[in-house]
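Let me begin by presenting the structure, written as structure tokens, before commenting on it.
No value in this document is a laboratory result; all are computed from the given coordinates. On a predicted model such as this, the values are computed, not experimentally measured, just so you know. Here Cβ is always computed from backbone atoms with ideal geometry, including for glycine, and neighbour counts include all displayed protein chains.
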Number of protein chains: 2
Amino acid sequence: MDTKTLQKSFGMRCKELRAGLGCSQEQFANLIEMDRSYYASIEVGRRNVSLSNLKKIADVFQITISELMRGVE
Amino acid sequence: MDTKTLQKSFGMRCKELRAGLGCSQEQFANLIEMDRSYYASIEVGRRNVSLSNLKKIADVFQITISELMRGVE
């Protein structure tokens with residue numbers, strides 16, 4: 001299991017869902033009350049995101065964590 | 001969003017799936033190459049588990065991370 005690949009896969013999933021909302025990274029980071037540059041580093045796959053941050057992100061997309069993780073491997 | 005509730009929900013999901021495998025915590029911790037007491041603390045909801053550990057756990061259950069997170073809220 002390659003953590004980098006997993007993190008990139010998750011970052012792309014977030015980017016795809018965020019684009020669907022028509023939000024900029026800054027707007028989205030504000031919505032999840034997360035530092036913009038930290039959120040930006042999630043999207044480029046540089047963060048081993050924790051459960052609580054997965055939940056924050058899923059909540060703003062109004063989906064479950066399970067739905068958020070669909071296709072993330 | 002209450003992190004403690006989320007962590008407990010995830011811990012119970014792991015316990016349920018592990019019971020389905022008929023594994024002890026020690027056996028399962030060995031399978032995922034994780035310290036037994038650390039894994040035990042995940043099951044009782046005391047850990048804000050990271051993406052890479054979610055993947056390790058899902059891989060041993062031979063399910064996707066999305067399936068692992070089903071019902072975890």
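Couple of notes before you dig in:
- Quarter the surface of the alpha carbon convex hull of the range B:3-66 and you get the mean projected area, 3.8 square nanometres.
- Proximal aspartates and glutamates to B:LYS15, defined as alpha-carbon separation beneath 19 angstrom and excluding residues fewer than eight positions away on the same chain: B:GLU26, B:GLU33, B:ASP35, B:GLU43, B:ASP59, B:GLU67, B:GLU73
- If you take all other residues with their beta carbon under 11 Å from the beta carbon of B:GLN27, and give Lys and Arg +1 and Asp and Glu -1, the sum is +1.
- In this assembly of identical copies, the label point of A:GLN62 (Cα plus 7 Å along Cα-to-Cβ) is separated from its counterparts by 3.9 nm, sorted shortest first.
- Cut-off 15 Å between beta-carbons: net charge of the residues surrounding B:PHE61, Lys and Arg +1, Asp and Glu -1: 0
- Of the residues A:LYS55, A:LYS4, B:LYS56, the one with the fewest other Cβ atoms within 10 Å heads the list, and the complete ranking is A:LYS4, B:LYS56, A:LYS55.
- What separates the A:GLY20 label point from its copies, with the point 7 Å along Cα to Cβ, is 2.5 nm, written shortest first.
- Net charge of neighbours whose Cβ lies under 11 Å from the Cβ of A:LEU17, counting Lys and Arg as +1 and Asp and Glu as -1: +1
- Cβ-vector label at 7 Å, A:LYS8, separations to other copies in nm: 4.0
- Pair-distance distribution P(r) for the protein assembly as shown, from all Cα-Cα distances in 5 Å bins starting at 0: 2, 10, 20, 23, 19, 13, 7, 4, 1, 0 percent.
- Förster-model FRET efficiency, 30 Å R0, A:ARG70 and B:SER41, C-beta, rounded to 0.05: 0.60
- Membrane-span-like helices in chain B, defined here as complete DSSP H runs extending at least 24 Å along the helix axis by their C-alpha atoms with mean Kyte-Doolittle hydropathy no lower than -1.0, are B:3-21; this is a sequence and geometry rule, not a statement about a membrane.
- Under the simplified labelling scheme, the B:THR5-B:GLU26 pair shows an inter-label distance of 3.6 nm, with each label point 7 Å from Cα along Cα→Cβ.
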